[in-house]
1. Among 251, 239, which is acidic (Asp, Glu) and either surrounded by 14 or more Cβ atoms within 10 Å (Cβ to Cβ) or touching a residue at least 12 places away in the same chain (Cβ under 8 Å) (or both)?
2. Starting from the stretch 198-226, take each residue that is closer than 19 Å to residue 258 by Cβ and list its partners that are assigned to a loop (DSSP other than H, G, I, E, B) and at pLDDT below 90, counting only C-beta distances under 6 angstrom and pairs at least six apart or across chains.
3. Is it the case that some residue within the stretch 15-33 is at pLDDT 90 or above and open to solvent by less than 60 Å² (accessible area, probe 1.4 Å)?
4. Return the only residue of 265, 219, 246 being among the small types (Gly, Ala, Ser) and within 42 Å of the chain's Cα centre (by Cα).
5. Within the stretch 179-199, which residues are over 14 Å from the mean Cα position of the chain (by Cα) and of a type in the set (S, T, N, Q)?
6. Any residue that is over 21 Å from the mean Cα position of the chain (by Cα), open to solvent by less than 60 Å² (accessible area, probe 1.4 Å) and farther than 21 Å from residue 164 by Cα - is there at least one of those in the stretch 77-92?
7. Identify the residue in the stretch 200-213 that is surrounded by 10 or more Cβ atoms within 10 Å (Cβ to Cβ) and in a loop (DSSP other than H, G, I, E, B) and, among all such residues, is nearest to the chain's Cα centre (by Cα).
8. Report the residue count in the stretch 142-169 for those that are assigned to a helix (DSSP H, G or I), under 30 Å from residue 70 (Cβ atoms) and among the small types (Gly, Ala, Ser).
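The values are calculated or read from the model by the stated rules, or taken from the named source; none is laboratory data. Here the structure is a predicted model, which means the values were calculated and not measured. Using ideal geometry, Cβ is built from the backbone for each residue, glycine included, and neighbour counts are taken over all protein chains shown. The area values use the complete protein model at the heavy-atom level, side chains included, leaving out ligands, DNA and RNA. Shrake-Rupley method; radii C 1.70, N 1.55, O 1.52, S 1.80 Å.
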Amino acid sequence: MRMRHFLSALFLTISLIVSAPATLLATGNEVVGKQIEQIIMNGESNIGSLDDDERLIQVFTYYADRSFKPIWVRDNGPKSKGKVLLDFLENIENHGLREFKYRVDAIRDLKGDNHPRALAEMEMLLTSAFIDLARDLTRGRVDPSDVSKQNNIPLPHEYGSAYLLDGAEKADELQPYLESLMPQDKRYHRLVAALKKYRDIRAAGGWKQIPAGKALKPGDKDVRLPLLRELLVTVGDLDAATRPVGETYDDVTVEAVKNFQRRHGLTQDGVIGPT
């Protein structure tokens, strides 16, 4: 019942907008624009998972106000902005986000289908994905206080959907605009680099588990030393070109272990114990 009343009010608002004199669609957008209009006016709000009332009003009114001219596609296929956005979404896991949250598979399935209806659906999916992406890049998917009440981290202001879409539409290049939505804190970019590093390690086979045994002190001999050095090379604490050989816990390996300990907040004594 609530949704029925909401949709009635929404369509009345849009009808008032589109009944006013409207500018013609830009050349090359008319056919797909008509399909976008049908999707919106028919209440097919499930396309793109636009499930928030305020967001629905902002997005639908934004399109109606521009005579349903698309942002991401045109009659003959995706615009360059649409391609840049999809490419960014296909690499979103580099930012610790998950591809499925933005329905990337559904967007990807529409690639190459230049039927007006398919392009209109792609437009709506890209719009929904972009708004979700902008929110997650600026604010994150997790409220810090939900993890721990001690995380007194104020969340930044959340931009409205129409504001974000207008910014994307007016941007000369979409990539810099997307980058401007990311945290500008250098720690964020260090985390992104670290995530890539560890994913590269995993893709290369990861590292072998070092068998348990007695604690190792500088000068000790142990058959596990070659495997230990392999691990230290993998994580970047030991230079592969100057890696020692043999089963003696030598000074070079000790310094590499101390560097590992320093990076992980452990006591830098070179002793390899349970921690």
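1. When all the criteria are applied, what remains is 251.
2. Note: pairs meeting the criteria are 215/273; 224/210.
3. yes
4. So the residue among 265, 219, 246 that is among the small types (Gly, Ala, Ser) and within 42 Å of the chain's Cα centre (by Cα) is 265.
5. Matches in the stretch 179-199: 184 only.
6. Yes; the residues of the stretch 77-92 include at least one that is over 21 Å from the mean Cα position of the chain (by Cα), open to solvent by less than 60 Å² (accessible area, probe 1.4 Å) and farther than 21 Å from residue 164 by Cα.
7. Per the stated criteria, the residue is 206.
8. 4
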